[in-house]
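Undergrad: Quick one: this structure, given as structure tokens, is what I'll be asking you about.
The values are calculated or read from the model by the stated rules, or taken from the named source; none is laboratory data. All values derive from a computational prediction rather than experimental measurement. Cβ sites come from the backbone with ideal geometry, for glycine too, and all protein chains shown count toward neighbours.
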Amino acid sequence: MPQSTSVLRRNGFTFKQFFVAHDRCAMKVGTDGILLGAWAPVAGVKRILDIGTGSGLLALMLAQRTDENVIIDAVELDVDAAQQAQENIAQSPWMHRVSVHTEDAQQWVPRQTVRFDLIISNPPYYEQGVECATPQREQARYTTSLDHQALLTLAADSITEEGFFCVVLPEQIGNAFTQQALSMGWHLRLRTDVAETEARLPHRVLLAFSPQAGECFSDRLVIRGPDQRYSEGYTALTQAFYLFM
């Protein structure tokens, strides 16, 4: 049954149409994922792949944004996170069209006989450094299990000709990721630089790549206005999801 939004639970995040428990996931629901799930282009898509789904947040957001005939595959290597994603999806209105696969994406994706119109990922971006409290958090934070070149290659081998591959990254890492993608034959088609306030430099970047060349549309999104309330742009992008917006 769909999760009622009338009761706020403490072990996760309550959205308008679904609940995401994340207490067994290394990386919790956060602004990065919410931005990416609300921003990624979904017009005309029929098949979606979420690489490293974690709690299932992106898969659920995209299910809410797409038609009933759209099929979503969510792949997650960590067993605990994948189980929690399955539970979250089972309690949502879209359990019949979102499937969670507990496997390494580099093993699962090559076996598929279909290509995807939209591939989405909130990928790790730290290189190996300070030891994390758990192996699960290390896997979620560091690029050791799936580095950016491997991720770009995996997406290139499984996307449709007119499809989009979308990620969210810190600004500087996103710039390096873009250069790497361009060198591999990808084309940058959408870019949104995200700043906390108008006075601050962008700290995140939303990127959409395609195998097909075309004009690149770029813009800037500010999360909060001078009064520290959510900006009009951020509200317009995310209000379909936030419970009290």
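Undergrad: State which residue pairs qualify: first residue closer than 24 Å to P124 by Cβ and inside the stretch 11-27, second residue part of a loop (DSSP other than H, G, I, E, B) and charged (D, E, K, R) in any location, beta carbons under 6 Å apart, and separation of 6 or more residues or different chains.
TA: Every condition considered, the pairs that remain are N11/D23; H22/K28.
Undergrad: Going through R115, R111 one at a time, which residue ends up being within 27 Å of T153 (Cβ to Cβ), surrounded by fewer than 20 Cβ atoms within 10 Å (Cβ to Cβ), more than 13 Å from the chain's Cα centre (by Cα) and free of Cβ contacts under 8 Å to residues at least 40 places away in the same chain?
TA: Among R115, R111, only R111 is within 27 Å of T153 (Cβ to Cβ), surrounded by fewer than 20 Cβ atoms within 10 Å (Cβ to Cβ), more than 13 Å from the chain's Cα centre (by Cα) and free of Cβ contacts under 8 Å to residues at least 40 places away in the same chain.
Yes or no, residue by residue, for (1) closer than 16 Å to S121 by Cβ; (2) part of a loop (DSSP other than H, G, I, E, B); (3) at pLDDT below 95:
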site	(1), (2), (3)
F164	yes, no, no
R200	no, yes, no
V205	yes, no, no
L221	no, no, no
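Undergrad: Right, here's the next one. Do the conditions hold for A195, that is, is it in contact with a strand residue (DSSP E or B) (Cβ under 6 Å, 6 or more places away or on another chain) and within 20 Å of E162 (Cβ to Cβ)?
TA: no
Undergrad: Does S145 satisfy being modelled with pLDDT of 95 or more and among the polar types (S, T, N, Q)?
TA: On the way: modelled with pLDDT of 95 or more: no; among the polar types (S, T, N, Q): yes.
No.
Undergrad: Which of the residues spanning the stretch 166-198 are over 20 Å from I119 (Cβ atoms) and part of a loop (DSSP other than H, G, I, E, B)?
TA: E196, T197, E198
Undergrad: Please indicate, with yes or no, whether at least one residue in the stretch 181-202 is within 22 Å of D157 (Cα to Cα), among the β-branched types (V, I, T) and surrounded by 12 or more Cβ atoms within 10 Å (Cβ to Cβ).
TA: No, the stretch 181-202 contains no residue that is within 22 Å of D157 (Cα to Cα), among the β-branched types (V, I, T) and surrounded by 12 or more Cβ atoms within 10 Å (Cβ to Cβ).
Undergrad: Within the set of pairs 6+ apart or on separate chains, which have a first residue in the stretch 211-240 that is farther than 29 Å from F116 by Cα, a second that is exposed (fewer than 11 other Cβ atoms within 10 Å of the Cβ) and among the charged types (D, E, K, R), and C-beta atoms under 8 Å apart?
TA: G225/E232
Undergrad: Quick one: count up the residues across the stretch 157-180 that are surrounded by fewer than 18 Cβ atoms within 10 Å (Cβ to Cβ) and in contact with a Lys or Arg (Cβ under 8 Å, 6 or more places away or on another chain).
TA: Within the stretch 157-180, residues that are surrounded by fewer than 18 Cβ atoms within 10 Å (Cβ to Cβ) and in contact with a Lys or Arg (Cβ under 8 Å, 6 or more places away or on another chain) number 2.
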